[in-house]
Amino acid sequence: MSIALSEQGPAAPGRLGLLAQAGYGVGQIAGQVFRDVPSLLLMFFMTNVLGIEPALAGAAIFVPKLVWGVGCDLLVGILSDRWKHRFARRRWLLVGALGAPVALILLFHVPDLPVAGRVAYVAGAFSLYMAVFACFSVPYLAIAGELSSDPHQRTVLMAWRLVFTAIGVLVGGALAPYLVQSLGGGQPAYEGMSRFLAVICPLSLVLAYFGSGRARRQAPPASTPQTAHRRLAAREVVATLAAPRFSVLLLANLLQLAGSGMAYASMLYFLTYNMARTDAFQLIGGLVIIACAGIVAAQPAWVALARRIGKKPVYILAAAGYGAAYLGWSMSAGAGTVVAYAFSFVAAIFNSGWTLLGFSMMTDIAGDDQAHAGLYSAAWIAVDKVGFALGGTLLVGLVLSGFGFDAARAVAGQPQTDLALTGVMLAFGVIPALLNVSSALLYWRFGRP
């Protein structure tokens, strides 16, 4: 795998050395932790620890993502474009490193308040969390388009990003639940977990700050300092983002992320209730480890396949395959742990495929129009956050509440009704499959890489 991903050798135009690739990729650990921990644990924490009904809990997470997530992403994207000659994009990583510990710790340190007060606190803390996330995630993605002018090299760079995504998934999806379980499972356990992550994330961002500085800028300059500082009119912003090459890819990605978010946020519910596992927090750690193995192992194959047959067909194949894997998994709750491991591995392979190719095609667009690279990155990250939250909080909350999931019974450790289990199955596999197949069809018909 190292040969396929590193492109070692003297730096040719558009090519990056191994240290530059890895130095850039390490920042994704923080990005993935910030993305996954709330998606996997926050809603379960609110329903099963704080006793908040699923629909209300989902709204308390989704609204800050929609308002603060999108607003801060676009603001940071525009500012990083305007200030890039005075304040290099990689310096935003240090801003994120300073804010990340505060945001992580506050999110799970919920004071003892009435239900309405707890909901308001989580919504406020999550708003701060999203602002901090924007400060480093948008410039971090925009940096990728500046590091190379070669489309294939950008795919390689995104593959390295996916390798470190796997490490971030291990931390946020396996280690964090393990810490919660080992610390007792109550609110103090979630607080202890957040303090641990408050050390990991800043370290990742600081390493990426120094690592990305090793790569000399390969892509040709897109503008002079004078044009870079001009203000973007609202009409120009809309026209840039609405261009078919970008907007179709963005919409397809939104559908995929909504499905992926639903599957991810529903996983603990599926393991706990549909599979009747009392060790769900431990089992999810094993599933995540298997998934990470699939992500890392698949990267050389996806890179080679995209180069051989093109990015678009590989993207469509991966999206459809991911949906099929989760549909099969949701229908196999009684099949046992080995089958669950197999589905987790296969789903991760396809997930890494559409994620890799989606990011790669987005960086191609940003690299061809570097005057708006931060804007493209902001829109992409905003859709990533909103889509994942739309599926993983709002839609899951509505489906669970609509099918009668009882938060009071969950806090008391009592089983749910058969109707509620049907809702969990739909949220975990059936609806995500429909969303991903719809995404594949949309991009097959209208997409242009």
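If you go through the range 100-117 and pick out every residue that is part of a helix (DSSP H, G or I) and buried (at least 20 other Cβ atoms within 10 Å of the Cβ), you end up with 5. Scanning the range 1-49 for residues that are assigned to a loop (DSSP other than H, G, I, E, B), open to solvent by 10 Å² or more (accessible area, probe 1.4 Å) and either at pLDDT 75 or above or hydroxyl-bearing (S, T, Y) (or both) gives V26, V49. As a summary of the residue check, E53 satisfies the conditions (1) under 29 Å from L113 (Cα atoms); (2) open to solvent by less than 30 Å² (accessible area, probe 1.4 Å) except for the one numbered (2).
When L94 is tested against (1) modelled with pLDDT under 85; (2) assigned to a helix (DSSP H, G or I), just one condition goes unmet, and that condition is (1).
Restricting A301, A297 to those that are modelled with pLDDT under 90, among the small types (G, A, S), open to solvent by 50 Å² or more (accessible area, probe 1.4 Å) and part of a helix (DSSP H, G or I) reduces the list to A297.
Per-residue answers, yes or no, for (1) surrounded by fewer than 23 Cβ atoms within 10 Å (Cβ to Cβ); (2) out of contact with any His (no Cβ under 7 Å at 6 or more places or on another chain); (3) modelled with pLDDT of 75 or more; (4) over 21 Å from V199 (Cα atoms):
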position	(1), (2), (3), (4)
A123	yes, yes, yes, yes
M130	no, yes, yes, no
S137	no, yes, yes, no
Y140	no, yes, yes, no
A144	no, yes, no, yes
D150	yes, yes, no, yes
M158	no, yes, no, yes
A166	no, yes, yes, no
L170	yes, yes, yes, no
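Quick one: would you say W329 is over 17 Å from T165 (Cβ atoms), assigned to a helix (DSSP H, G or I), open to solvent by less than 10 Å² (accessible area, probe 1.4 Å) and at pLDDT 85 or above? Judged against the criteria, W329 is a match. Filtering V424, V411, V396 for residues that are surrounded by fewer than 24 Cβ atoms within 10 Å (Cβ to Cβ) and of a type in the set (A, V, I, L, M) leaves a single hit, V411.
Cβ separations smaller than 9 Å between residues 6+ apart or across chains give the following pairs from the range 183-194 residues that are free of Cβ contacts under 8 Å to residues at least 40 places away in the same chain and open to solvent by 20 Å² or more (accessible area, probe 1.4 Å) to residues that are in a helix (DSSP H, G or I) and charged (D, E, K, R): L183/E191.
When the test is whether a residue is in contact with a Ser or Thr (Cβ under 7 Å, 6 or more places away or on another chain), within 19 Å of F428 (Cα to Cα), assigned to a helix (DSSP H, G or I) and open to solvent by 10 Å² or more (accessible area, probe 1.4 Å), V346 does not pass it. Would you confirm whether or not the range 374-382 contains a residue that is touching a residue at least 12 places away in the same chain (Cβ under 8 Å) and open to solvent by 30 Å² or more (accessible area, probe 1.4 Å)? No: the range 374-382 contains no residue that is touching a residue at least 12 places away in the same chain (Cβ under 8 Å) and open to solvent by 30 Å² or more (accessible area, probe 1.4 Å).
Given the structure, is L232 at pLDDT 90 or above and touching a helix residue (DSSP H, G or I) at 6+ places or on another chain (Cβ under 7 Å)? So L232 does not fit the description; no.
The values are calculated or read from the model by the stated rules, or taken from the named source; none is laboratory data. In this text the structure is predicted, and so the values were computed from the model without any measurement. Glycine also receives a Cβ, built like all others from the backbone with ideal geometry; neighbour counts cover every protein chain displayed. Calculation scope for accessible area: heavy atoms of the full protein, side chains included, ligands and nucleic acids excluded. Shrake-Rupley method; radii C 1.70, N 1.55, O 1.52, S 1.80 Å.
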